[in-house]
Amino acid sequence: METMKLNDVTANDLPWKVRYDASRCTLCGSCVATCSFRAIEAKVERRRMVFSEGNFPEPKQRFSAVPVIRQPKSIRNYCRGCGMCEKVCPNDAIRPDRNPDTRHPIVTRCLGGDSIKRGGRKNLEGSTRTLDKIRVGRISQMTDPSLDAQRHTFDLLAPFGRILPPKKLPFATDINQQLQSNETTPPVNWIYPVIIGDMSIGALSWRMWEAVAMATAYLNEECGIPVRMCSGEGGVPVRLLKSKYLKYMILQIASGHFGWNRIAKAMPHMIEDPAGILIKIGQGAKPGDGGLLMAQKVAEHIQAIRGVPKADLLSPPNHQGLYSIEESVQKMFLSFNAAFKFRVPVAIKVAASATSVSVFNNLVRDPYNIVGGFFLDGIDGGTGAAHEVSLDHTGHPIVSKLRDCYLAAVTQGRQGQIPLWAAGGLGKTGDLAADAFKMIALGANGVFTGKLILQMAGCIGNDLGRCNACNTGLCPAGITTQEPQLAHRLDPERAAQNIVNYFLAMDTEFKKLMAPIGNSSLPVGRSDALVSTDQSVADRLQIQHVC
Amino acid sequence: MCRIGAIKSRNYTHPSSALQLMQSQQKGHDNSGFAMVMQDLGGIFAEYKHLPTLSMACTDEGIRIAEDILHEAGFLRVLQWAPEVDDQPGLDINAMPNYVFETFSYPRHMRNASQREKEDMLLDTRLRLRTALEDDEQGFVYSFWPDVITLKEIGDPRDIGTYFNLWEADERFTAKVITAQCRQNTNYDIVRYAAHPFFLQGYTALANGENTFYLKNKEFQQGLHRGYLGFESDSQCFLYTLHYIHRELGWPLHYYKHVVTPLPFDDIEQRDDKKQLLAIRQSLAHLEINGPNTIIGLLPDNTMFTCCDAKKLRPVVIGRDEETVVISSEVCGINEILPDRDWETDIYPNEREVVMINDDLEVQRWKQ
């Protein structure tokens with residue numbers, strides 16, 4: 001018999017308990033083979049059976065060795081609740097059960113002496129989401145008719161790039177009464193109002209990244225939907241940099257500058273401009289912290305693209321400059337503008353924060369018009385890897401902050417000059433069109449989304465602590481791993497097809513939301529179209545309270 | 001729903017024509033008010049075209065307040081005219097005690113000022129008057145501008161016509177351009193300022209429709225110009241955009257259409273002037289209008305135009321003879337005042353057209 005000590009880890013300390021029914025098990029071994037976390041293992045149990053034959057008790061015992069599936073009692077190989085075992089079991093003999101009595105947050109810290117790291121998203125669920133307390137409540141009827149979502153045409157595009165105030169447009173009227181522009185103006189690209197958010201090659205498996213890139217190209221080339229994909233910080237395959245599909249990519253640079261060596265070297269060979277440059281200052285899931293790619297995911301091809309050894313890759317929390325972060329970011333803006341000869345818009349991404357309006361004001365008042373977009377990322381965003389304390393306890397919800405920034409622009413008469421793009425938990429319930437539409441009516445020009453894209457591809461993680469193991473490199477869906485065996489679980493074409501189909505569905509849903517309020521172009525800032533049954537939400541967002 | 005109409009003629013025309021134009025369309029509006037702007041004035045105002053005329057409805061106290069302000073600013077009254085009212089019992093009119101139409105000479109220090117300075121001073125003076133008369137609704141100042149008269153009142157247009165003796169034509173009270181509309185604001189509160197036509201610094205606009213981008217327009221316009229205020233009606237936004245595009249930005253009139261109903265992106269891509277059109281769509285995105293509407297506009301040089309929403313959800317028709325051009329929501333209005341015209345030359349503009357009538361009565365159709 002094993003001797004158990006009080007502080008030994010047991011299954012009851014772990015977040016998930018594996019329920020196994022030996023009587024249904026065919027011993028096929030599929031579950032053990034599929035569990036990327038090694039959270040279940042085949043074992044042999046010694047069984048003793050006491051029995052009595054005859055009319056009087058004459059206890060006899062029989063011993064047997066039974067092959068079973070067991071859960072290791074380890075904080076290293078613990079079950080993440082991904083449910084792959086259940087998925088592959090032919091007989092429903094095994095499944096993970098959520099353990100409400102888990103001591104995992106305490107035990108892990110006590111045993112490891114280090115902060116807990118994981119991927120995924122915030123797992124502290126509060127009340128109902130703000131966006132679910134808002135409805136599109138201003139319906140066109142009678143003299144102001146609704147449009148027909150099927151028959152009418154809709155302009156579903158959003159600007160990416162710095163927009164000049166009308167009086168700054170360099171127009172002069174010629175003798176034919178036509179306006180002629182006689183100076184260069186900042187570049188602006190009109191794109192679909194949903195950008196596929198910045199997930200790096202490194203955070204994603206190469207097959208997943210390829211699936212997203214394929215879906216983006218297909219949506220553009222075959223469906224006529226001008227969706228753009230942001231590379232994330234981690235470089236871009238050289239073949240893509242030199243291809244015509246670069247025009248669908250927004251290249252990201254963050255404080256680690258990972259991958260930019262290759263991008264810079266590819267510039268002379270580019271046959272298309274990228275769709276834009278996004279300078280990442282912060283992200284909503286772990287504000288104030290830099291990017292993190294754990295060593296276990298730094299595979300050979302990641303080392304090559306990023307030009308790094310196999311080690312934990314940490315982007316610093318700040319961009320480094322001799323004088324200040326403003327100085328370094330401004331230098332970046334100027335050098336990127338110049339590098340692409342002022343043809344490519346350059347935007348900035350920051351984490352939503354109590355100070356976001358100040359940051360936005362600084363940018364929108366900048367007289368040189370260098371900032372081509374303000375990407376604001378809220379607390380409900382996802383990440384490949386972070387300290388759990390940052391994920392769960394730092395950050396700022398996106399909805400009111402986006403609204404604050406828009407209203408700050410309105411107060412100054414500068415709405416629209418720096419397009420506002422919002423993210424952070426949008427589409428969390430699966431309905432991205434509804435979330436995006438509400439954000440647009442509150443003042444966003446568009447939204448960006450990452451986590452939902454992974455869910456389209458088959459990610460089974462959720463906000464209740466399921467899986468969220470993107471940091472381990474052991475993604476059971478082959479999405480956030482660089483292990484060839486795991487990555488091959490993902491069929492890139494099927495994942496791309498799912499993403500394309502989701503966007504097609506969302507496109508229809510956008511029209512079904514625009515038509516009833518009688519708008520054929522995006523109702524940016526049309527907060528009069530929204531109502532809320534929650535008084536505090538209505539007051540905070542300056543929309544109509546209804547009951 | 002509103003009905004709107006406009007008459008532009010080589011001859012001086014009495015407002016009775018405008019009443020007739022609108023009367024036949026009464027089933028389409030709700031008979032809740034009458035408002036008109038007369039420009040290029042004849043009759044008793046013909047000799048004073050270069051001097052500003054104040055159009056105001058007010059109480060006795062309101063007159064005193066307004067005249068004090070004007071005298072203090074140095075204006076000297078050169079002409080005063082008040083309509084003879086026929087206050088017979090049973091008329092459906094919510095009349096103010098006084099209707100003031102007074103022409104003033106400019107203050108001495110402004111006489112050598114530039115045209116632009118005078119125009120700005122007139123606007124500032126009107127805004128001062130408006131503010132001063134706002135308390136207790138002492139008065140409503142509709143326009144203070146050379147060669148322009150504005151009248152707005154709440155009630156049945158037929159009775160308003162009777163009250164002001166406007167049904168019988170005479171030579172004293174005429175203009176070459178009259179725009180009119182027969183409905184008070186029924187979307188929001190009944191406020192005299194909310195009735196179109198709206199007027200600002202020589203620009204007039206009136207509309208039949210809804211502006212579903214009202215909030216966006218309003219939030220943007222509030223910061224653009226001190227004269228963009230009130231917003232008692234969502235249609236005021238049409239006037240402010242017209243004023244902004246044509247006067248403040250100095251762009252040719254046809255760009256108004258590109259601002260309020262921009263071409264779809266796919267169409268812009270095919271155009272030689274796509275760079276300009278995209279820049280306009282970008283920088284003036286908050287002045288786009290959505291929703292059904294027809295707009296009639298009038299410029300300081302008496303150019304008149306009309307255009308519709310991008311889906312042609314509201315009607316408008318233009319009829320004409322040698323002497324007169326009439327724009328109307330419904331053709332029955334034109335039939336009333338131009339019964340002998342060649343109706344085959346009537347124009348029913350499409351959703352991408354601007355129909356413009358210049359001061360020589362030449363009608364131009366511009367495709368967006």
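The values are calculated or read from the model by the stated rules, or taken from the named source; none is laboratory data. All of these numbers come straight from a predicted model, not from anything done at the bench. Positions of Cβ are generated from backbone atoms using ideal geometry, with glycine treated the same way; all protein chains shown enter the neighbour counts.
Figures for the structure shown
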| read-out | value |
| --- | --- |
| Count - residues of the range B:294-319 that are at positive phi and in contact (Cβ under 8 Å) with a residue 40 or more places away in the chain | 1 |
| Qualifying positions in the range B:347-360 - in contact with a strand residue (DSSP E or B) (Cβ under 8 Å, 6 or more places away or on another chain) and either part of a strand (DSSP E or B) or surrounded by fewer than 17 Cβ atoms within 10 Å (Cβ to Cβ) (or both) | B:Ile347, B:Tyr348, B:Asn350, B:Glu351, B:Arg352, B:Glu353, B:Val354, B:Val355, B:Met356, B:Ile357, B:Asn358 |
| Cβ pairs under 6 Å, 6+ apart, first in the range B:269-283 and within 9 Å of chain A (Cβ to nearest Cβ) and of a type in the set (Lys, Arg), second surrounded by 12 or more Cβ atoms within 10 Å (Cβ to Cβ) and in a loop (DSSP other than H, G, I, E, B) | B:Arg281/B:Pro262 |
| Flag if A:Pro187 is outside the structural domain of A:Ala311 (by TED's automatic domain parsing) and over 30 Å from B:Gly209 (Cα atoms) | yes |
| Count of residues meeting criterion [within 24 Å of B:Lys311 (Cβ to Cβ), under 19 Å from the mean Cα position of the chain (by Cα) and at the interface with chain A (Cβ under 9 Å from one of its Cβ atoms)] in the range B:245-268 | 3 |
| Test: residue in the range A:22-45 that is under 20 Å from A:Gln485 (Cα atoms), basic (Lys, Arg), in contact (Cβ under 8 Å) with a residue 40 or more places away in the chain and touching a Leu at 6+ places or on another chain (Cβ under 9 Å) | no |
| Test: residue in the range B:312-324 that is among the hydroxyl-bearing types (Ser, Thr, Tyr), in contact with a Lys or Arg (Cβ under 9 Å, 6 or more places away or on another chain), over 20 Å from B:Tyr240 (Cα atoms) and buried (at least 24 other Cβ atoms within 10 Å of the Cβ) | no |
| Candidate set: the range A:410-431, residues that are surrounded by fewer than 24 Cβ atoms within 10 Å (Cβ to Cβ) and outside any loop (DSSP other than H, G, I, E, B); chosen: the one nearest to the other protein chains (Cβ to nearest Cβ) | A:Val410 |
| Residue list for the range B:137-190, restricted to those being in a strand (DSSP E or B), of a type in the set (Gly, Ala, Ser) and crowded, with 21+ Cβ neighbours inside 10 Å | B:Gly139, B:Ser143, B:Ala175, B:Ala180 |
| Matching residues, the range A:157-185, being part of a loop (DSSP other than H, G, I, E, B) and crowded, with 22+ Cβ neighbours inside 10 Å | A:Arg162, A:Ile163 |
| Cβ-Cβ under 8 Å pairs, at least 6 apart or on other chains, the range A:165-183 side more than 10 Å from every other protein chain (Cβ to nearest Cβ), far side surrounded by 11 or more Cβ atoms within 10 Å (Cβ to Cβ) and not in a strand (DSSP E or B) | A:Asn182/A:Pro170; A:Glu183/A:Pro170 |
| The range A:144-154: number of residues that are buried (at least 20 other Cβ atoms within 10 Å of the Cβ) and either facing chain B (nearest Cβ under 7 Å) or touching a Pro at 6+ places or on another chain (Cβ under 7 Å) (or both) | 1 |
| Conditions (1) at pLDDT 95 or above; (2) out of contact with any Leu (no Cβ under 7 Å at 6 or more places or on another chain); (3) not in a strand (DSSP E or B); number of the one not met by A:Arg19 | (3) |
| Boolean, A:Ala211 is among the small types (Gly, Ala, Ser) and either in contact with a Pro (Cβ under 8 Å, 6 or more places away or on another chain) or not in a strand (DSSP E or B) (or both) | yes |
| Subset tally (residues that are of a type in the set (Val, Ile, Thr), away from chain B (no Cβ under 14 Å) and surrounded by fewer than 15 Cβ atoms within 10 Å (Cβ to Cβ)) for the range A:114-143 | 1 |
| Condition met for A:Asn462 (at pLDDT 95 or above and closer than 21 Å to A:Asp435 by Cα) | no |
| Residues (closer than 19 Å to B:Thr212 by Cα and of a type in the set (D, E, K, R)) located in the range B:252-299 | B:Lys257, B:Arg281, B:Glu288 |
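Listed here are the residues, each with its yes/no results for (1) crowded, with 18+ Cβ neighbours inside 10 Å; (2) farther than 23 Å from B:Val191 by Cβ; (3) touching a residue at least 40 places away in the same chain (Cβ under 8 Å).
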| site | (1), (2), (3) |
| --- | --- |
| B:Leu21 | yes, yes, yes |
| B:Ala35 | yes, no, yes |
| B:Met38 | yes, no, yes |
| B:Ala46 | no, yes, no |
| B:Met56 | yes, no, yes |
| B:Ile69 | no, no, yes |
| B:Leu76 | no, yes, no |
| B:Pro83 | no, no, yes |
| B:Ser105 | no, yes, yes |
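Residues are listed down the side, and each one gets a yes or a no for (1) under 23 Å from A:Leu402 (Cα atoms); (2) assigned by TED's automatic domain parsing to the domain that holds A:Ile279; (3) part of a strand (DSSP E or B):
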position: A:Gly321; (1), (2), (3): no, yes, no
position: A:Val329; (1), (2), (3): yes, yes, no
position: A:Ser335; (1), (2), (3): no, yes, no
position: A:Ala338; (1), (2), (3): no, yes, no
position: A:Phe342; (1), (2), (3): no, yes, no
position: A:Ala347; (1), (2), (3): yes, yes, yes
position: A:Val350; (1), (2), (3): yes, yes, yes
position: A:Ala354; (1), (2), (3): yes, yes, no
position: A:Val359; (1), (2), (3): yes, yes, no
